[in-house]
């Protein structure tokens, strides 16, 4: 996977029936274009929804009209198919416009489980809070001016450096700030790391702010800051938390931060 | 006593070079090109200086008399004494955009106000986003957003927690929310698992879910009102933040224009509108338009622009505007439209001023003919003059030609002087047929066609010098100037007058300059002027040449020698565009016993005009009163213009017609080497006619072509002698006694020349000597009466 000279990079964007798929695809396509990578989409049909639809008394309350409606498997399937059609169309547009190699895989199961399982074979995994619609935003006068910062968890590893490069690519097209969560390991020179990151950030015209992750609390300790400052995307190197830990971390970040999570291999 | 021919000195009045004491016109100073128009000048000065409604001016004169130049010179001079009028602009009416508001500003302030408003908006476009970018706004807005989100999510979470207590999970579906029973790992149980549950458990789950659904339903119904509340709070916050940003900038302008109430009012409206539309000031990232979403129609800041329609910033005097194309829109102004998404749209920035706006506070000059030719322009102008305000109304809309939305801009008060100029005919027709005309144009400036020659020669030469200089022509030599002056007299057909038709004079000088160049002259010489005159005639006289050729070849029968009873050469003038010439016509008469009627064959065939008929009636009246005072007038005569196939009009042939009837009656032959022109009254006195020079020259040319005999000539009214400005070849022939001009005052004088007989004067009994023309006429009439009596008598005897 890391031998880029031989194998083409792959970026996977994990989608379900709820996210703003267009935004996620745009981010993923932009990264794929910059990295000359192939773009794969993984659409996860939530198994829980199909179980629910199979129950004889299944009803739903319509979000818009607050009315009760019968829910069955057929309706659920129609909904999923309709969303899939839209995703296919969006992928096709990406293919036409950016000449990217695109693919789509559909699986039924649990979003995070399926996404993380697929992550083993890709360079970048983009996912977002599963099973929930994006948070509603009120129309404020300056909404377009508030470009939320890009968050990066940095531990000085080569994967963290790759994450920093990817953060740079994302920041190139946005006038946002870079918030770096420093995960200090023993023997690391914090000032040196900051200097290194600041120099890189200056290269892509972004201002870097630093937050130190307390080891005893891990990710939950920095979520307070993420919520306070807002976040447009969170970039984490996958090695930071393998297997169960990764799943936990991903669930926490994607649910609590309310922004896409990019896992970098 | 038989009349003698006129002295050659009376046939042409040369310009005395001693009155022109210069060698070339270069020595003369420039003068105003208008001379001898005192009446018109005084009228114009009176008109432009007098106040009061309706004192507008109509300058009457034929085209080419230089009236526009005169009016412009006078008006510009007067405008120099008048203050510069106000600037005018249109601004948006925020409460009613279809009715833009006008604002009056002191001269030059319009542009400044326009720039101030532009700067204000530019400032606000920076200041407002800055205010909304600030941490204070951001945190407040986010706080409101978060509050709203939390309120909803907490309510949902509460319900979720309550559901969880019964092992039921609240999950989101693609279109809403649903409750589902879960196992211990919080996975939704599948239908098989559910079936395995006892009936009681199944029922319990279903009941719990039903209750939860009811609660969720009522909770979701509350969300819209919560959101609305949040939105209101956000708008309130936006308003407060915008107000802080706007107030500062607008207050500065309010102070600057503190003395102008209308601007104060306008700025208050701007302030309110900016706050209401604060979102327009926040830059947005480009968005892809969704289906059926219209793109933004126009610049959202356009409504704060100032449409400066009249700017007198650079002006030092009151405006003098000449509108060359006075159509409705060019006069009153117009509202343009823009095609947008298949329809026509407009706004106050598309209001375009007309000539009236530009001339407001000054003077407007218009050509009456051009104005009247434009549909609705005259009516529109009168309406403006009556109401004294410029109200821009869409002509297309008022005529229901288009149904696009249009504007009703606030009318602008109007104070100006209108000067119309045009032909006399237009002036008199408007006077006659337009009842409002007299009320609106109370001053007539009547330009004279000619000026007195005796007193203005020197001035006229100055005018020639000025024209030559202005038109960059060669100076005129003394003789050339004299020749132009003589030709000017000829142009008006009066040896004692000079033409004021500047265009003709200017054209003559231009053409003479051309010939001077061709002839290698440094100055325009008299020969160049003559060449210009001759060449112009040559260019135009094709038809004359054809007509004369027909006479010469005998196709048109005109005798120039011998004597014939009841036949005479009359003279008429043909005007073909810029060129007129004389044409001899044979007039014949026949007489017989009758009941005193002169039959005008031209009239009977509807070829004779009213004036001609009047002349013929005068003849019968004269003959009856002179020769049949005591006896019945037992004559019937017929008159005809031979080989005439067009309309005959005018009474200038009535003298010839009189002579030819008397010749026929008395059977006395008339000289065919003499042509005659002149009208006659009931008492036999000869009256003046027009075109005397052309008529004489016309017969001269025919005689010359056939060969001058020395006896040929023309009889003209004595009162026409002062108009004589004949061609040099005619004058030279008269000097050589080859061609004579006779001037007569009475019919008798003409008869003596034509018959070589004494006319004969009546004695105390009213009897004429027998061997005179009148004696022979009276005798013949008496014979007709006697024969008639015999007829009547034998008729009565037969009846008895």
> Which residues, taken from the range A:28-80, are more than 29 Å from residue B:222 (Cα to Cα), out of contact with any helix residue (DSSP H, G or I) (no Cβ under 9 Å at 6 or more places or on another chain) and within 11 Å of chain B (Cβ to nearest Cβ)?
Replying inline: A:47, A:78
> With B:606, B:561 as the choices, which residue is closer than 30 Å to residue B:534 by Cβ and part of a loop (DSSP other than H, G, I, E, B)?
Replying inline: B:561
> Applying the selection to the range B:685-714, what residues are surrounded by fewer than 20 Cβ atoms within 10 Å (Cβ to Cβ) and assigned to a loop (DSSP other than H, G, I, E, B)?
Replying inline: B:688, B:690, B:707, B:708, B:709, B:710, B:711
> If you scan the range B:167-177, which residues turn out to be in contact (Cβ under 8 Å) with a residue 24 or more places away in the chain and at the interface with chain A (Cβ under 7 Å from one of its Cβ atoms)?
Replying inline: B:177
>> Of everything in the range B:515-540, what is surrounded by fewer than 17 Cβ atoms within 10 Å (Cβ to Cβ) and closer than 21 Å to residue B:577 by Cβ? Give them in sequence order.
In response: B:534, B:535, B:536, B:537, B:538, B:539, B:540
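Okay, residues lined up against (1) outside any loop (DSSP other than H, G, I, E, B); (2) out of contact with any helix residue (DSSP H, G or I) (no Cβ under 9 Å at 6 or more places or on another chain); (3) modelled with pLDDT of 95 or more:
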residue	(1), (2), (3)
B:509	yes, no, yes
B:516	yes, no, yes
B:528	yes, no, yes
B:537	yes, no, no
B:545	yes, yes, no
B:550	yes, yes, no
B:555	no, no, no
B:574	yes, no, no
> Say we look at the range B:156-166 and pick out the residues that are within 14 Å of another protein chain (Cβ to nearest Cβ) and under 13 Å from residue B:186 (Cβ atoms); which of these is surrounded by the most Cβ atoms within 10 Å (Cβ to Cβ)?
Replying inline: B:163
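Within the range B:329-345, can you find the residues that are surrounded by 20 or more Cβ atoms within 10 Å (Cβ to Cβ) and over 14 Å from residue B:358 (Cβ atoms)?
B:335
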> Considering the range B:42-75 alone, what residues qualify as being over 22 Å from residue B:324 (Cα atoms) and either modelled with pLDDT under 90 or assigned to a loop (DSSP other than H, G, I, E, B) (or both)?
Replying inline: B:50, B:51, B:52, B:53, B:54
> When you go through (1) buried (at least 20 other Cβ atoms within 10 Å of the Cβ); (2) in a strand (DSSP E or B) one by one for residue B:141, which number turns out not to apply?
Replying inline: (2)
>> I'd like the full set of residues that are surrounded by fewer than 16 Cβ atoms within 10 Å (Cβ to Cβ) and over 24 Å from residue B:545 (Cβ atoms), limited to the range B:720-757.
In response: B:722, B:735, B:736, B:737, B:756
> Which residues, taken from the range B:133-152, are more than 7 Å from chain A (Cβ to nearest Cβ) and at pLDDT below 85?
Replying inline: B:134, B:135, B:136, B:139, B:142, B:146
> Taking the stated definitions as given, is residue A:113 closer than 17 Å to residue A:18 by Cβ, surrounded by fewer than 15 Cβ atoms within 10 Å (Cβ to Cβ), within 14 Å of chain B (Cβ to nearest Cβ) and at pLDDT 90 or above?
Replying inline: no
> Filter the range B:387-430 for residues that are touching a residue at least 24 places away in the same chain (Cβ under 8 Å) and in a helix (DSSP H, G or I); which is surrounded by the fewest Cβ atoms within 10 Å (Cβ to Cβ)?
Replying inline: B:387
>> Please go through the range B:225-274 and give me each residue that is in contact with a helix residue (DSSP H, G or I) (Cβ under 8 Å, 6 or more places away or on another chain), within 12 Å of chain A (Cβ to nearest Cβ) and either surrounded by 15 or more Cβ atoms within 10 Å (Cβ to Cβ) or over 30 Å from residue A:65 (Cβ atoms) (or both), ordered by number.
In response: B:227, B:230, B:233, B:234, B:237, B:238, B:239, B:241, B:242, B:245
> Which condition number does residue B:130 fail, the rest of (1) within 13 Å of chain A (Cβ to nearest Cβ); (2) free of Cβ contacts under 8 Å to residues at least 40 places away in the same chain; (3) part of a helix (DSSP H, G or I) being met?
Replying inline: (2)
> When the range A:123-169 is examined, which residues are found to be touching a strand residue (DSSP E or B) at 6+ places or on another chain (Cβ under 7 Å), more than 14 Å from chain B (Cβ to nearest Cβ), surrounded by fewer than 23 Cβ atoms within 10 Å (Cβ to Cβ) and modelled with pLDDT under 85?
Replying inline: A:157, A:159
>> Looking only at the range B:122-136, how many residues end up being surrounded by fewer than 20 Cβ atoms within 10 Å (Cβ to Cβ) and within 15 Å of residue B:278 (Cβ to Cβ)?
In response: 8
>> For the range B:184-214, which positions are more than 23 Å from residue A:46 (Cβ to Cβ), within 10 Å of chain A (Cβ to nearest Cβ) and surrounded by 13 or more Cβ atoms within 10 Å (Cβ to Cβ)?
In response: B:202, B:210
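The values are calculated or read from the model by the stated rules, or taken from the named source; none is laboratory data. Keep in mind that what you see is a predicted model, and the values were worked out from it rather than measured. Because the Cβ atoms are built from the backbone with ideal geometry, glycine has one as well, and the counts that use them run over all protein chains shown.
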